[in-house]
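One structure is given below, encoded as C-alpha cells.
The values are calculated or read from the model by the stated rules, or taken from the named source; none is laboratory data. The shown structure was predicted, so the numbers you read here are calculated from the model rather than taken from an experiment. When we count neighbours, we look across all protein chains shown, and the Cβ atoms used for this are built from the backbone with ideal geometry, even at glycine. Note: areas computed on protein heavy atoms with side chains; ligands, DNA, RNA excluded. Shrake-Rupley method; radii C 1.70, N 1.55, O 1.52, S 1.80 Å.
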Amino acid sequence: MPIYALTPELIFPPADHAEPNGLLAVGGDLRPERLLLAYAEGIFPWFSDDQPILWHSPDPRMVLWGPDLHVPRSLRKTIRKEPFQLTLDTAFAEVVHQCAVVPRPDQTGTWITDDMADAYIVLHEHGFAHSVETWCDGELVGGLYGVSLGGAFFGESMFSAAPNTSKLALFHLCRLIEEWGFHLLDCQQDTAHLRSLGAHAISRSEFLERLARALEAGEAWGGGPPDDATRR
C-alpha cells in the first residue's frame with residue numbers, strides 16, 4: 001500500500017489502506033477539525049519531534065472494556081485504602097505535560113511534542129479531549145487523557161508519579177464510561193502493559209465496525225450524575 005501525502009483538504013484515505021505497521025499518511029496539520037475527522041475514521045497521529053506528522057491505523061487494534069479490566073492485587077489494596085482523590089478535567093494541560101516528561105521504562109524521548117500538546121489542549125477547550133487525574137494531598141500523582149467522540153473514548157497517554165496512580169485513573173475511567181453508556185475504549189497500540197490490564201487485540205475491520213456503532217450512540221461524556229465525577 002502507498003503512504004499517502006495529505007493536502008490542506010480535510011480528507012483521509014481509507015484506514016484499511018495503511019501499511020502493515022499501521023502507517024497510513026503523512027503531512028496535514030493538527031487543527032481540531034482534522035483531528036476529529038481522523039478519530040472518527042479510526043486514525044490517529046503519532047510521530048516524534050524530528051518527523052513530519054504521521055497518521056496511523058494499526059491492525060490489530062487494542063481495546064479495553066470495563067468488565068475485562070484486570071485489577072491487580074496491589075491496585076485492589078489501593079482502592080480499598082482510598083488514599084487518593086480522583087477528578088475529571090481539572091488539570092488537563094498538566095496531565096498532558098506529565099505524560100510527556102515522566103520517564104517510562106525502555107523509552108527515551110516522547111511522541112507528545114509541543115505541537116501535539118497544544119493541539120489536544122485546544123481539543124479540550126472545545127470539549128472533545130478529557131483527563132482523569134489522581135491526587136494525593138493536593139499533588140497530582142497520576143492521570144491519563146484522551147479524546148471522546150460519541151460513545152467512544154480514545155486513550156492517548158497516561159503517567160504515574162507514584163505506584164498504581166495511572167492504573168487507578170484507568171479504573172475510574174472504565175467504571176465511569178461504562179455507567180455513561182460508552183461502547184468503546186480504544187488503547188491504540190498492542191503492549192504487554194495494556195494486555196496485563198485486560199486489553200485485547202481486535203482486527204481493524206472489527207474496530208471500525210465497533211467505532212461506527214459507538215459514534216451513532218451520540219455524545220455521552222459526562223452522562224453520569226455530577227457527583228460521580230469526583231470520588232475520594
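For the chain, what % of the accessible area comes from carbon and sulfur atoms, probe 1.4 Å?
53 percent
What's the magnitude of the charge dipole for region 1-109 around its Cα centre, counting Lys and Arg as +1 and Asp and Glu as -1 at the beta-carbon? Answer in Debye, nearest 20.
Result for region 1-109 is approximately 800 debye, rounded to the nearest 20.
Using the Karplus equation 6.51 cos²θ - 1.76 cosθ + 1.60 (θ = phi - 60°), what ³J(HN,Hα) coupling, rounded to whole Hz, does each residue of region 24-37 give in order, writing x for Gly and Pro?
Going residue by residue, I get 10, 8, 9, x, x, 8, 10, 5, x, 4, 6, 4, 5, 5 Hz, with x marking Gly and Pro.
Which whole-number percentage describes the relative contact order of the chain, with Cα contacts under 8 Å and a sequence gap of 6 or more?
Values: 439 pairs, mean separation 54.4, N = 232.
Relative contact order comes out at 23 percent.
Taking the Cα centre of the chain as origin and charging only Cβ (+1 Lys, Arg; -1 Asp, Glu), how large is the dipole, in debye to the nearest 20?
That gives a dipole near 1080 debye.
Under a Cβ-Cβ cut-off of 14 Å, what is the net charge of the residues other than Leu37 that fall near it, where Lys and Arg count +1 and Asp and Glu count -1?
Net of charged neighbours comes to -2.
For region 107-203, what is the charge dipole size about the Cα centre, in debye to the nearest 20, if Lys and Arg each add +1 at the Cβ and Asp and Glu each add -1 at the Cβ?
Roughly 400 debye for region 107-203.
For region 1-121, what is the convex hull volume of its Cα atoms per residue in Å³?
For region 1-121, the hull spanned by Cα atoms encloses 160 Å³ per residue.
Per-residue HN-Hα couplings for region 210-217, Karplus 6.51 cos²θ - 1.76 cosθ + 1.60 at θ = phi - 60°, whole Hz, x for Gly and Pro?
5, 4, 4, 5, 5, 5, 5, 6
Can you give the accessible area per residue of the chain, in Å², using a 1.4 Å probe?
So the chain comes to 47 Å² accessible per residue, rounded to a whole number.
Pick out, in residue order, every one of the trypsin sites (Lys or Arg not before Pro) in region 162-206 that is DSSP loop and has at most 14 other C-beta atoms within 10 Å; say none if there are none.
Here no trypsin sites (Lys or Arg not before Pro) fit, given the DSSP loop and packing criteria.
Order of 16-29, 124-137 by packing, highest average Cβ count within 10 Å first? Present the calculation step by step, with values, prior to reporting the outcome.
Details: 16-29: 16.9, 124-137: 19.1.
In decreasing order of mean packing, 16-29, 124-137 become 124-137, 16-29.
Per-residue HN-Hα couplings for region 151-165, Karplus 6.51 cos²θ - 1.76 cosθ + 1.60 at θ = phi - 60°, whole Hz, x for Gly and Pro?
The phi angles translate into x, 10, 10, 9, x, 9, 7, 9, 9, 9, 9, 8, x, 6, 6 Hz.
Of Gln85, Pro58, Ser48, which is farthest towards the positive pole of region 29-163's charge dipole, taken about the Cα centre with +1 and -1 on the beta-carbons of Lys, Arg and Asp, Glu respectively?
The Cα lying farthest towards the positive end belongs to Gln85.
What nm value, rounded to one decimal, do you get for the distance between Ile121 and Ala161 when each label is placed 7 Å out toward the C-beta?
Placing both labels 7 Å along Cα→Cβ, they lie 1.7 nm apart.
Which FRET efficiency, nearest 0.05, do Val71 and Ala93 yield, Cβ-Cβ r, R0 35 Å?
Efficiency for this residue pair is about 0.75.
Measuring from the lowest to the highest alpha carbon on each principal axis, how far does the chain reach, largest first, in angstroms?
Computed over the Cα atoms, the extents are 53, 35, 33 Å.
Counting only other residues whose beta carbon sits under 15 Å from that of Glu9, what net charge do I get with K and R as +1, D and E as -1?
That sum, taken over residues with Cβ under 15 Å, equals -1.
Computed FRET efficiency, Cβ-Cβ of Asp114 and Asp190, R0 30 Å: what is it to the nearest 0.05?
Calculated transfer efficiency: 0.65.
Residues in region 166-187, backbone N under 13 Å from the label point at Glu206 (7 Å along the Cα-to-beta-carbon vector): list them, ranges by number please.
none
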